[in-house]
Structure formats: C-alpha cells, structure tokens
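Data first, discussion second: the structure below is written as structure tokens.
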Amino acid sequence: MEQQTKRMANQLEQMELTVDGMIDRINRLEKMLSDMEASRPVVYIDEDTALLSSNEADIRFIQKKVEGELDELSKLRNEQLLQGDPAS
C-alpha cells in the first residue's frame, strides 16, 4: 500500500510540474503576442507556416507583393474589357 501511495504521489508531482510548465509557456506566448501587438502592425509572411512578423521590412515586402498582385488583376480586368468579355 505504501508503494502505491508513493507512486501516486510521484505521478501527481510529475503532473503538477507538467501543468506548471504549460502555464509558463502560455504566459510567455501571451506576453510575446501582446508585445507584438503593442509594437507595430503584424502581418502574415508565409501562409503555409503561419509565420507572423512585425518587422517593418517584412511588412513592406508583403505590401509590395499585394500591390503587385492587385496590378496583375487590374491588367487582366482591363484585357477582358478590351476584348469585350461578356462576363466583365
């Protein structure tokens, strides 16, 4: 009986340490997110990996990429209009 009690106490202690570690990680993540939100705008850099960045160079890169894609869509739309596409 004493062995079981010790084993259970050990398991409870391990679970407590695990939960404490998880709480610490969550707190660090919350702090990191609040720091990022307070510092600068945050943008997605890579959709596949869900990479976030508040680095100004990354934000400019994404803005240029979006502007380029908008320009491309605008060109395609103008081509459709010039060709008299009925869908446009």
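In table form, for the structure just shown:
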quantity	calculated
Region 25-55: number of residues that are modelled with pLDDT of 65 or more, among the small types (Gly, Ala, Ser) and not in a helix (DSSP H, G or I)	2
Among residues of region 56-84, those that are modelled with pLDDT under 75 and small (Gly, Ala, Ser), counted	0
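The values are calculated or read from the model by the stated rules, or taken from the named source; none is laboratory data. Since the model is a prediction, treat every value here as computed from it, not as a measurement.
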